[in-house]
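All of the numbers you see were taken from the coordinates with simple rules; none came from a lab. Just so it is clear, the structure is predicted and the values come from calculations on it, not from any experiment. In this analysis, Cβ positions are derived from the backbone assuming ideal geometry, glycine residues included, and neighbour counts consider all displayed protein chains.
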């Protein structure tokens, strides 16, 4: 895949080929958007805005990309930074308006389904970021450290805490549902 990305990047940089950009976008945008949704824990509108900003920055910096890592990894690093900026803007908006910005409610109206996505979305930003990058995207702690500019040991401890928080959230939802079942 990396060689295919390299060819497309070269085509785009050489002649500003819309076709090459379209292929790069089609190859990577869905996974990056999913990562952004999980990192933000909020609505698709925010994710679309961050995805657009990610691609704008990527295009501006593409000539400097040296393929020391996979293009997807590089794009994910840009997306992580854009998500952090979006989260800071949301905090500013929240403090200006006085109204908290609630995470997107991803609960499904399906029986006893324990909603992992909702549990992940409820995590604090740093925990959610590390959990998604490690457990969902498959990055190592060293890669997460480079992407997020934290120590690998911080990544490990945040992952452990994030997993504990998700287990507790899913456990309390499960216990709550069991209590509702008994009450029926």
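Quick notes on this structure:
- Averaging the Cα positions of each part gives two centres, and for the stretch 1-73 and the stretch 145-167 these lie 25 Å apart.
- Neighbour-count ranking [beta-carbon atoms within 10 angstrom, fewest first] of 4, 143: 4, 143
- Going by neighbour counts of Cβ atoms within 10 Å, the residues 136, 166, 50 line up, fewest first, as 136, 166, 50.
- Legend: ranking of residues 25, 139 from fewest to most surrounding C-beta atoms inside 10 Å; resulting order 25, 139.
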